[in-house]
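The values are calculated or read from the model by the stated rules, or taken from the named source; none is laboratory data. Since we're looking at a predicted model, the values are computed, not measured. All Cβ positions, even for glycine, are placed from backbone atoms using ideal geometry, and neighbour counts span all protein chains on display. The protein model used for the area step is the full one, side chains on, heavy atoms only, and it has no ligands, DNA or RNA in it. Shrake-Rupley method; radii C 1.70, N 1.55, O 1.52, S 1.80 Å.
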Protein chains: 2
Amino acid sequence: MTPQERVRAAFAQLALSERPEAWITLRDLPSVLAEAVALEARLAAGELLPLAGKLLAVKDNVDVAGLPTTAGCPTYAYHPEASAPAVQRLVDAGAIVLGKTNLDQFATGLVGTRSPYGAVRDVRDPSLVSGGSSSGSAVVVALGIADLAIGTDTAGSGRVPAAFQQIVGVKPTYGLVPTAGVVPACRSFDCVTIFARTLSEGRRAIRIMSDPVLPADAPLAAPPRPVVAVPATLTGLSDSYAEAFEQAVKSLEAAGVVVRAIRLEPFLAAAKLLYEGGFVAERYAAVGPFVDGGPDGIDPTVGAIIRKARDVPAHVLVSDSECLAELRREAMAGWGDADALLLPTAPFQPTIAAVTADPIGVNARLGTYTNFCNLFGLSAVAVPAPGIGVQVVARGFADAVAADIAALIVGETPAPVSSGLPLLVVG
Amino acid sequence: MTPQERVRAAFAQLALSERPEAWITLRDLPSVLAEAVALEARLAAGELLPLAGKLLAVKDNVDVAGLPTTAGCPTYAYHPEASAPAVQRLVDAGAIVLGKTNLDQFATGLVGTRSPYGAVRDVRDPSLVSGGSSSGSAVVVALGIADLAIGTDTAGSGRVPAAFQQIVGVKPTYGLVPTAGVVPACRSFDCVTIFARTLSEGRRAIRIMSDPVLPADAPLAAPPRPVVAVPATLTGLSDSYAEAFEQAVKSLEAAGVVVRAIRLEPFLAAAKLLYEGGFVAERYAAVGPFVDGGPDGIDPTVGAIIRKARDVPAHVLVSDSECLAELRREAMAGWGDADALLLPTAPFQPTIAAVTADPIGVNARLGTYTNFCNLFGLSAVAVPAPGIGVQVVARGFADAVAADIAALIVGETPAPVSSGLPLLVVG
């Protein structure tokens, strides 16, 4: 399919999709087509463009030159002069931006409903949430409109919607993809992520977006017979998810992985710190003074969370940081020499009605298995498994290990690596 | 002098010294002598003990097994099971602990007067402050009682008293000397330091105390013709200090150093963040709940500072951290490729009466030139120059550069380094 054909197919799909709430700013067909034409000319001239004609959607807390950035709040909108480096690197590789996608306002939420641009609905069942905060990005990839979509992930925003929309969500190690040009949520933990329909496409995009900062000892592939830790006990899972997760573990064992049970408690304890502790003050530092001004268009739940964060004392943030370091030591001691940790991405997928009835409580429970990841500086890849979304979590800068093990789940051959390390071959 | 002779000389000096307030816990002559005897036996047996018979005083916020740790507050006292690694490494090298020294309570102060164990007086003029917070440590080294003394330095506590007592204070890069077994002041910035009468003794002690964590590219010596930055303008200096500092710069030029003027403003702006911003919350996190309990023996000024720190909002700490990162970029851009920065250690030496009259204001002004150092992750060596104490500040892990340049000021030959790098020879 040529870039022009891809663009026309996307707009045809868009017209059928019945999820207009996924977009905040959508470019028009003629200007997107014009870019496809220009791209074809560059390809004809022999330029190497690894993402030529791939259509990109960008979460609306990430800058794209020429389009407003709203972060899900119309009165917050500004017009960035330049695209975020994460976006620009994909565009430089031949991707074409379709538009900016809806999100839980200020990336505060895991549901996809906290937006004055509308609650984003699941692609299959409109009574269910899409997941968030990168709601629109996940939905437009799942619908086949975009090939790639940029998300962000502080507490799980790049993984939970991937799970619900049954696509791939790659959350690189903190610091690997630059966050310049991104509206901060919790600046110490924010990561730029990618949604894709295949793992290999997601990995390729992340490689293109990444800074060359890998430590010398970063593993470039999973070992031939990886050891994967799984929680000894799982809490809060719906019955169908509990059963599906058990099946996912068995499939992984069948694929040659050694499974080992570990205590998840220190991971879960850290997860609570992200929302119930001092770190939420970073959200106030980012957008609190704007929210305090009482502008129109503030989502009531998001506004309440951010205003409450103003009153967190600094000594709580200090002691939470110390507590986090201690929990991390304990958690990683339990992790031991395992190559990765397999977890449900989210414990259940709620209805929009359930979230409306209890907007804070349902959201908090959704982050049970994702919240700790950036607090501990880990990498993760969320992939669909039969009946559930699962995530493979690996150490910081062991992103390739997470992706290789995730490839065993989705049945993709791992992308070749450029080193002389042995490749993991899927039988 | 044998270890036994050294111990007897120290106790004789102690009896003459008239600065009993320098000590919080002093060991008795028989038990210290017994250690000297044991040490002599080990030496006679051929053991290599580079610090054999050196007498060590330890600031009373650093643990020594067998002695209480008070942090300058009698009701805070606890009895540590083990010595801090920084102490133990010196003892393992043959140093003998004489006792624990007075300090500004909880290491909160640069004056030496904030202690229920008494205001520590300058060794020459008892109307002047000793400087703090490592007041007793500096005084007992200046008096010749101890050869080495351990201090701590968050805002200048290991350098200001060195300046006033006209001795050497070595403040290593944050993270080089372990802070286990130290009562935290601001945990993110606390460093363990050494006082000595000669630079070579101070350097040797720091080397013994340090973890082997030097980055591969850490310089092991100053270049043959170092470039030293000095402030284009200096504020707050007493007249005699201003004149003496100018002389110190001239002497350094005469010793072959290239002097270059830079803007000090971004350094000074960062300095203000340490006391006037959010970081003070770390002091509350460390000892606030204890102070809130209303125990006896809290210094009124220290108590007020710590109680006030309870109310700092977390978002201020977050935005101060971001502001600090920005100031650091600006400051280091101005620093450029200079090898070090030469500064007055303190702007003036106040009387005890002046501090009593304005305990907060005078103390804050004393930290003008020392506060920024740990905020920026720098190393520093404070040395006496005629009429003033000066400090040579170098980049993080460039401790050897600071010490080599400081050696030019005090006229000591630099200690030999173990690498093949060229040595700086002082003519």
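The table below lists the values:
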| quantity | calculated |
| --- | --- |
| For the protein assembly as shown, size of Cβ-based charge dipole, Lys and Arg +1, Asp and Glu -1, in debye | 360 |
| Ranked packing of A:8-20, B:295-307, most packed first, by mean Cβ within 10 Å | B:295-307, A:8-20 |
| For B:271-281, mean number of other protein chain Cβ atoms within 10 Å | 2 |
| Net charge, A:Cys373 excluded, C-beta distance under 14 Å - Lys, Arg +1, Asp, Glu -1 | +2 |
| Whole-number accessible area per residue in Å² for the stretch A:64-162, which is evaluated in the context of all protein chains at 1.4 Å | 21 |
| Exam field: A:Tyr275 pseudo-label spacings to other copies (7 Å along Cα-Cβ), nanometres | 4.2 |
| Carbon plus sulfur fraction of accessible area for the protein assembly as shown, probe 1.4 Å, in percent | 57 |
| Solvent-accessible area buried by B and A, counting both chains, probe 1.4 angstrom, square angstrom | 1200 |
| Amide proton proximity set for B:Gly99, modelled H, under 5 Å, gap of 5+ | B:Arg27, B:Val58 |
| Projected-area mean, the stretch A:58-109, by convex hull of Cα positions, square nanometres | 3.5 |
| 1.4 Å probe, heavy atoms, protein only - residues of the stretch A:187-225 losing at least 40 Å² accessible area vs chain alone | A:Arg187 |
| With 10 Å bins from 0: P(r) over chain B, alpha-carbon pairs, percent | 5, 24, 34, 26, 10, 1, 0 |
| Summed side-chain charge close to A:His315 - residues other than A:His315 whose Cβ falls under 12 Å, Lys, Arg +1, Asp, Glu -1 | 0 |
| Calculated label separations, A:Asp92, copies of the chain, 7 Å along the beta-carbon direction, nm | 4.9 |
| Positive-end residue of B:Ala180, B:Val228, B:Gln166, charge dipole of the stretch B:162-230 with Cβ unit charges | B:Gln166 |
| Residues in the stretch B:282-296 occluded by at least 40 Å² - accessible area, probe radius 1.4 Å, against chain by itself | B:Ala285 |
| Over chain A: helical MRE at 222 nm, DSSP H runs n ≥ 4 each giving -39500 (n - 2.57), nearest 500 | -11500 deg cm²/dmol |
| Accessible area per residue, Å², the stretch B:266-368 with all protein chains present, probe 1.4 Å | 39 |
| B:Ala15/A:Arg124 FRET efficiency (R0 56 Å; Cβ-Cβ; nearest 0.05) | 0.05 |
| Dipole of the stretch A:1-135, positive end: most advanced residue of A:Ser127, A:Leu98, A:Pro20 [Cβ charges, Cα centre] | A:Ser127 |
| Between the stretch B:273-310 and the stretch B:366-407, the alpha-carbon center distance in angstrom | 27 |
| Kirkwood hydrodynamic radius of the stretch A:336-403, Cα pairs, Å | 13.1 |
| Under the span-like rule (Cα at least 30 Å along the axis, Kyte-Doolittle mean at least 0.0), DSSP H helices of chain A | A:314-335 |
| Residue of chain B nearest the B-to-A rotation axis [by Cβ], rounded angstrom distance | B:Ala314, 2 |
| Chain B, dipole about Cα centre (Lys/Arg Cβ +1, Asp/Glu Cβ -1), debye to the nearest 20 | 240 |
| Inter-copy spacing of A:Pro30 label points, which lie 7 Å from Cα along Cα→Cβ, given in nm from shortest upward | 10.3 |
| Distance from the stretch A:175-190 to the stretch B:213-238 (C-alpha centre basis), Å | 33 |
| Neighbour net charge for A:Val141 - beta-carbon separation under 13 angstrom, K R +1, D E -1 | +2 |
| Kirkwood-Stokes translational diffusion coefficient of the protein assembly as shown, alpha-carbon pairs, 10 °C, 1.306 mPa s, µm²/s | 54 |
| Equivalent ellipsoid semi-axes, the stretch B:259-380, via Cα gyration tensor eigenvalues times 5, rooted, Å | 29, 20, 10 |
| Cβ charges +1 (Lys, Arg) and -1 (Asp, Glu), total dipole of the stretch B:23-158, debye | 200 |
